[in-house]
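The values are calculated or read from the model by the stated rules, or taken from the named source; none is laboratory data. Because the structure is predicted, anything quoted here is derived from the model rather than measured. A quick note on method: Cβ atoms are made from the backbone with ideal geometry, for glycine too, and the neighbour counts reach across all protein chains shown.
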Amino acid sequence: MKTSGRVFVTALVALTAYELAGVIAVTTAGLMFREAVVQGRGMLAATLGSLACALVVAWFTWKKTASVAASNSSGMFASVALGAIIVGAAGFVAGFVGPIIFAPDANQGPLLGIFITGPLGFLIGGIGGFVHWRRRSKQTMIVHRS
């Protein structure tokens, strides 16, 4: 994978992790400390927690895409996990941001990304990663037999 592709994938996954962690942090804080959230306190902690989560996920993605780029013989788990993360992140972002842009009056629009397009993208990406791994492993077996 070229460096520009790695940067794009890492940025997409980091944005997704930041948004998802933010939703989880604000929801959890709202349930546990309702008065503090209503008054605006505690949002800095949620933002910093989301940022830390995004940085960890971005680092993991950057490292994994480097190993995929360096070797053509990565394992099945790496191919499935990378496909699931990339396509799941794209599905989540599209489902989360899309309704906000196209239907700003819909109050439950971002739930599409959280409950439908994100998980479906994760499953489809995992299946696609497995198919990619199988095709690549068959090609290497054909090359080694010759």
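Quick notes on this structure:
- Scanning the stretch 90-146 for residues that are exposed (fewer than 13 other Cβ atoms within 10 Å of the Cβ), closer than 24 Å to residue 76 by Cα and hydrophobic (A, V, I, L, M, F, W, C) yields a count of 3.
- Subset of the stretch 89-110 [touching a residue at least 40 places away in the same chain (Cβ under 8 Å) and either in a helix (DSSP H, G or I) or hydroxyl-bearing (Ser, Thr, Tyr) (or both)]: 89, 90, 92, 93, 96
- The stretch 111-130 residues that are more than 22 Å from residue 27 (Cα to Cα), paired with ones that are among the polar types (S, T, N, Q) (beta carbon under 7 Å, 6 or more apart): 129/79; 130/79
- Applying a threshold of 8 Å to beta carbon distances and a minimum spacing of six or more residues, or different chains, the list of pairs starting in the stretch 9-25 at a residue that is in the same structural domain as residue 113 (by TED's automatic domain parsing) and ending at one that is at pLDDT 85 or above and hydroxyl-bearing (Ser, Thr, Tyr) is empty.
- Subset of the stretch 79-99 [under 23 Å from residue 136 (Cβ atoms) and β-branched (Val, Ile, Thr)]: 80, 85, 86, 87
- Residue within the stretch 24-33 that is at pLDDT 90 or above and either within 30 Å of residue 139 (Cα to Cα) or among the aliphatic types (A, V, I, L, M) (or both) present: no
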